[in-house]
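So the structure is just underneath, and the comments pick up after that.
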Amino acid sequence: MKERAIAALEHYGTSCSGSRFMNGTLALHEELEVRLAAFVGKEAALCFTTGYQTNLGAISALIGKGDHVISDRFNHASIMDGIFMTIGLNRSVNVHRYKHNNLEDLERVLSRIPLDAAKLIVTDGVFSMEGDIVNLPGVRKLADTYNAAVYLDEAHAIGVIGATGRGTMEHHGDMTLADVVMCTFSKSFGSIGGFIAGDNIVVDYIKHFARPLIFSASMPPANLGAVMAALDILEAEPERVARLHEIAEKMIKGFADLGFNVGTAETPIVPLIIGDNEKTFLFWKALFERGVYVNPVVSPAVPPNRSLIRTSYMAIHEDDELDTILEISGEEGRKLGIIA
Ligand SMILES: Cc1ncc(COP(=O)(O)O)c(C=O)c1O
C-alpha cells in the first residue's frame, strides 16, 4: 500500500488542488469508483475526501423538503450531521430516531408516516461503539412494506464482515438489501476518504447536489493509490477476513469468560462495558501502561452510564498478542473491581 501511495504521488503530485467538478478528477478517482461499485454490487460509486463528508453530502442531497429520515439511535454522528446539514440548507425535513437495532420501534415510526411520503431509513451496518450488526433483512422487509429506501453506512463492515469482506449485505447473504451503500477509507482501507454507491441515477444525482463534494478539494493521489492497493489485497486475500472473524470470536469469548460485559458484540469491535466514567479511564490508563492500546469511550459517544473500553482488532494480530491482552485485561480488571 505504501508503494502504491508513493507511485501515485510521484505520478500525479501531492494534491489536485481543486474540486471534482473543476480540476480535481483524475483517472484514478474514476477507476477506483468503477471498482468499488462492482465490489459492493452496485451500478455506480462516487468518492468523497473523507467519510464524514460522504455522509454529509449524500444524506443532504438525498433528503428533500418534507421528506422523512429515520435513523437508528446509535448511528454515527456524521449521519446526524448530514441530517443537520439538510435542515441548515433550509429544507424542512421530518427527523425520526428509533431504538437501537429495534425493528418493533422502527415499525412503530414507519407506520405513523403516510405511505406515499418519501422516507429514508439510515443505519450503520456494524455499530461503531458496540460492535453489533444491524438486522438488515428485517430493516429491508419493513422498508418494502412501508415504501422506504435503505441507506447503509458500512464504515466498520466492509473489509470486516461477510465471507469476502463485502460487508453487511454479504453477511446476511443478499447484496440487494440496501439501496445506497456508504463507506469510509479510514478503517479497513488504511487511507482517508469515503464513497457512496447505488443506482446510476442516484449516484449521479448525489454528484450534482452534494455540497461537500462540489465545494471541497478531491481525494489526493497518494490516498487513492493506497485505497486501490487495499482493494486489491481484499479481493485477492479473503483469508485475511476469515482470520479477522476467528480473532473476533476468540476475543469476544475470551473477555466474556473473564467476566467482562461485552454487550451484543459480534465483530472485531469488542466493547468492555463498564458504565462508570472514572473506572473506565483508570482501566484505560492501567492497560496503556502495560502496553495494551485501547479507546475509552464516554458520553456523548455512548449513552450516559454506558461508558466502555472499545477494543478492536486487525487480521495481523497474533494469538500470543491476543492472549497477552486477555491476561493483562483480566488482571487489571480484577484490581479495579470491574470483574470478580
Ligand atoms: C460509522 C461511521 N461513519 C462515518 C465515519 C466518518 O468517517 P471518517 O472518519 O473517515 O471521516 C465514521 C468514522 O469515524 C464512522 O465510524
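The values are calculated or read from the model by the stated rules, or taken from the named source; none is laboratory data. What you see is a predicted model; the values in this text were computed from it and never measured. So basically every Cβ, Gly included, is an ideal-geometry build from the backbone, and we count neighbours across all protein chains shown. SASA here: full protein model, heavy atoms, side chains in, ligands and nucleic acids out. Shrake-Rupley method; radii C 1.70, N 1.55, O 1.52, S 1.80 Å.
Screening 149, 163 for residues that are closer than 22 Å to residue 268 by Cα and either surrounded by fewer than 23 Cβ atoms within 10 Å (Cβ to Cβ) or more than 16 Å from the ligand (Cβ to nearest atom) (or both) leaves exactly one candidate, 163. Taking the condition of being farther than 29 Å from residue 158 by Cβ, outside any helix (DSSP H, G or I) and either assigned by TED's automatic domain parsing to the domain that holds residue 246 or open to solvent by less than 80 Å² (accessible area, probe 1.4 Å) (or both), how many residues in segment 290-340 meet it? Within segment 290-340, residues that are farther than 29 Å from residue 158 by Cβ, outside any helix (DSSP H, G or I) and either assigned by TED's automatic domain parsing to the domain that holds residue 246 or open to solvent by less than 80 Å² (accessible area, probe 1.4 Å) (or both) number 8. Annotation note: Cβ proximity below 8 Å between a residue of segment 19-42 that is under 20 Å from residue 200 (Cβ atoms) and a residue that is of a type in the set (S, T, N, Q) and surrounded by fewer than 19 Cβ atoms within 10 Å (Cβ to Cβ) (sequence gap 6+ or interchain) occurs for 41/176.
For segment 8-49, the set of residues classified as open to solvent by 20 Å² or more (accessible area, probe 1.4 Å), farther than 14 Å from residue 222 by Cα and within 16 Å of the ligand (Cβ to nearest atom) is empty. Would you confirm whether or not segment 140-150 contains a residue that is assigned by TED's automatic domain parsing to the domain that holds residue 19 and under 28 Å from residue 273 (Cα atoms)? No; the residues of segment 140-150 include none that is assigned by TED's automatic domain parsing to the domain that holds residue 19 and under 28 Å from residue 273 (Cα atoms). Taking each residue of segment 232-248 that is farther than 19 Å from residue 266 by Cβ and open to solvent by 50 Å² or more (accessible area, probe 1.4 Å) and looking for partners that are assigned to a helix (DSSP H, G or I) and not charged (D, E, K, R) with beta-carbon atoms closer than 9 Å, six or more apart or interchain, yields 235/39. Considering only residues in segment 99-120 that are open to solvent by 20 Å² or more (accessible area, probe 1.4 Å) and either outside the structural domain of residue 64 (by TED's automatic domain parsing) or assigned to a helix (DSSP H, G or I) (or both), the one that is farthest from residue 61 (Cα to Cα) turns out to be 104. Checked against (1) among the hydroxyl-bearing types (Ser, Thr, Tyr); (2) away from the ligand (no atom under 15 Å from the Cβ); (3) out of contact with any Leu (no Cβ under 7 Å at 6 or more places or on another chain), residue 54 meets all criteria but (2).
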